[in-house]
Structures are given as structure tokens and as C-alpha cells.
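The values are calculated or read from the model by the stated rules, or taken from the named source; none is laboratory data. All of these numbers come straight from a predicted model, not from anything done at the bench. All Cβ positions, glycine included, derive from the backbone under ideal geometry; neighbour counts span all protein chains shown. Accessible surface is based on the protein model in full, side chains and every heavy atom, while ligands, DNA and RNA are left aside. Shrake-Rupley method; radii C 1.70, N 1.55, O 1.52, S 1.80 Å.
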Amino acid sequence: MAILQKGYSVTIVLAVLAFGLSTRWLLYVEQAPSAWFNFALCGLIGIITAYIFVWITKYYTDYKHEPVRTLALSSSTGHGTNIIAGVSLGLESTGLPVLVISVAIVSAYWLGQTAGLIDETGNPTGGLFGTAVATMGMLSTAAYILTMDMFGPIADNAGGIVEMSQQPESVREITDVLDAVGNTTKATTKGFAIGSAALASFLLFSAYMDEVSSFSREPFKQVDIAIPEVFVGGLLGAMLIFVFSAWACAAVGRTAQEVVNEVRRQFIERPGIMDYKEKPDYARCVAIVASASLREMIKPGALA
């Protein structure tokens with residue numbers, strides 16, 4: 001993974017240099033001599049967004065980081081807690097990408113608007129083009145991301161071959177680690193694809209509204225989702241549901257783990273419970289659930 005990350009860093013450096021040169025060459029106009037630099041920065045925003053998406057995906061799917069370790073730990077208390085933790089982790093992982101995309105859209109639109117390009121009536125234009133350049137910036141590293149994606153199936157196949165050819169356990173341990181990294185690289189591609197699609201969807205909404213306007217010969221003013229703040233507001237609103245559900249599910253999972261551990265402790269310390277010779281400490285279990293129900297709802301409640 002470290003080697004793949006280094007390769008990606010080299011790709012980013014080359015993409016930044018190429019973007020700077022190509023915007024200077026293709027987008028320089030005498031009416032707005034600094035516009036090309038603004039659009040170069042838009043491209044840089046797209047490249048940085050892609051890098052952050054790769055990092056977020058790695059954080060949520062790599063076994064070295066906390067989310068996967070927490071998920072593995074939840075398996076120690078049974079299937080139920082594992083499923084709850086897995087669902088909550090999946091829902092929670094939508095939060096950071098949405099925040100990153102929101103910042104990218106607003107930043108790229110603002111840089112485009114302030115590039116110095118104006119229409120016939122003197123209004124600043126170029127905001128939408130700024131987001132288009134940011135999308136191109138994000139897609140400029142797509143070839144390397146797809147290369148990382150291809151590492152996954154190769155590593156998976158290595159594990160399968162080792163297992164079917166009945167190699168010793170020491171060999172399987174090596175391919176298991178490769179397998180885990182392969183899953184991370186595959187997930188990276190999915191995250192990258194979702195991020196670039198979210199950036200591009202802002203442009204597609206605008207294109208759709210332009211088409212409707214030209215077809216009906218009336219300006220489209222019902223819901224102007226091509227305003228970046230409106231679009232970002234929609235993204236954040238959708239994200240709230242996922243993150244709230246994630247935190248609520250995680251709270252249930254954590255409390256269930258505490259209860260399972262407490263019950264196991266009581267069974268060990270009071271073996272007579274199973275034979276109905278001793279009474280369990282019901283109060284302790286009730287106290288765990290009651291305190292958790294109040295404590296764990298602080299974060300989801302504050303989110304809204």
C-alpha cells in the first residue's frame with residue numbers, strides 16, 4: 001500500500017504541473033489575464049479532493065486504522081453486534097466525503113466567479129466552468145486510480161491459488177495481508193468514482209436546466225439547484241440522515257457489547273445462574289442500558 005501511495009503522489013505532482021501549463025496555454029485571455037490562474041487553482045482543488053477521497057477510503061477500509069479494528073472487535077461478542085457495527089460504519093463513512101465535495105464545489109465555483117470573466121450585462125461568469133475544471137482535475141489522476149483497482153483482483157487470486165494448492169499456513173498469512181490491501185485499493189476506486197460523480201452532477205443539473213430553458217423558451221426558475229449553496233444544502237441534508245443513523249446504530253452496538261460482556265462475567269463468577277440456583281444481577285444490566293441510552297444520544301442529538 002505504501003508503494004502504491006508513493007506512485008499516487010508522483011501522479012499528483014505530474015498532474016499539478018500539467019494542469020498549470022495547460023490552463024496557461026489554453027485559458028489565457030487578454031480581457032482577464034489572471035483568469036487562467038484561478039482555473040488552475042480549480043484544477044488543484046479537484047486533484048486535492050481526489051487525494052482526500054483516497055485517504056478517507058483507506059481510513060475506513062484498511063485494517064491498520066480504527067474503524068476496521070473496531071469492527072473486528074465487535075465480532076468478539078457475536079454475529080449481532082458485528083452486523084450492527086458494520087452497518088453503522090458503512091453509514092458513517094458517507095459523512096466525510098460529502099463535506100469534502102461540498103467544500104470543493106463552493107471553492108471551485110467561487111474561484112471561477114472571481115476569475116474576471118463577465119457576460120454582456122457585466123455579471124461575473126465562469127463559476128460553473130470553475131467546477132467543470134475541478135471535475136477535470138479530479139479525473140486527471142483516474143488512470144492511476146484504476147491501476148490501483150487492478151491490484152485487488154490479482155491479490156485475491158493469489159490468496160485463492162495458495163488455498164487451493166494447500167500451501168502451508170505461513171504462506172496463507174502473507175497472502176491474507178495482500179488480500180486485505182487489495183480490498184482497500186478496490187474500495188478506493190469506488191470512493192473516487194463517487195466523488196467525481198458528485199462533482200460532475202452539479203454540472204449535469206445546470207446542463208439539464210439550460211436544456212429545459214431552451215426547449216420551453218422560458219427561464220428555469222422553479223428550484224435553482226445550480227446555485228452551489230442550494231446543491232450543497234441538499235447534499236448535507238441527505239448526509240445528516242446517514243450519519244445520524246450510523247451514530248444511533250453504533251450506540252446500540254456498543255451498548256450490546258457491554259451487556260454481552262457483563263452477562264459473560266456473571267456466568268463465570270456465578271455458575272449457579274444456569275441451574276437457577278443463583279439470581280443474576282439484573283440491576284447491573286439495566287444500569288448499563290439506561291446510562292447508555294442517555295449518554296449515547298448526545299452526539300446524534302447535537303448533529304442536527
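So the values come out like this:
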| item | result |
| --- | --- |
| Residue satisfying condition, being at pLDDT 85 or above, touching a Ser or Thr at 6+ places or on another chain (Cβ under 7 Å) and aliphatic (A, V, I, L, M), within set LEU203, LEU199, LEU236 | LEU236 |
| Pairs where the first residue, in region 13-31, is outside the structural domain of ALA115 (by the TED database) and at negative phi and the second is open to solvent by less than 90 Å² (accessible area, probe 1.4 Å) and at pLDDT below 90, C-beta under 6 Å, 6+ apart | none |
| So VAL212, is it more than 21 Å from ALA304 (Cβ to Cβ), at pLDDT 85 or above and open to solvent by less than 60 Å² (accessible area, probe 1.4 Å) | no |
| Residue match in region 34-46 (condition: in contact with a Gly (Cβ under 7 Å, 6 or more places away or on another chain), closer than 23 Å to ILE194 by Cα and open to solvent by 50 Å² or more (accessible area, probe 1.4 Å)) | yes |
| Enumeration of residues in region 22-43 that are in contact with a helix residue (DSSP H, G or I) (Cβ under 6 Å, 6 or more places away or on another chain) and either in a helix (DSSP H, G or I) or not hydrophobic (A, V, I, L, M, F, W, C) (or both) | THR23, ARG24, TYR28, TRP36, ASN38, PHE39, ALA40, LEU41, CYS42, GLY43 |
| Candidates ILE241, ILE288, ILE268 - the one that is assigned to a helix (DSSP H, G or I), in contact with an Asp or Glu (Cβ under 6 Å, 6 or more places away or on another chain) and among the β-branched types (Val, Ile, Thr) | ILE288 |
| Complete set of residues in region 223-246 that are among the β-branched types (Val, Ile, Thr), over 19 Å from LEU203 (Cβ atoms) and open to solvent by less than 30 Å² (accessible area, probe 1.4 Å) | VAL243 |
| Qualifying residue in region 21-29 (condition: more than 23 Å from MET150 (Cβ to Cβ), charged (D, E, K, R) and open to solvent by 20 Å² or more (accessible area, probe 1.4 Å)) | yes |
| Positions within region 1-57 being within 26 Å of the chain's Cα centre (by Cα) and aromatic (Phe, Trp, Tyr), in sequence order | TYR8, PHE19, PHE39, TYR51, PHE53, TRP55 |
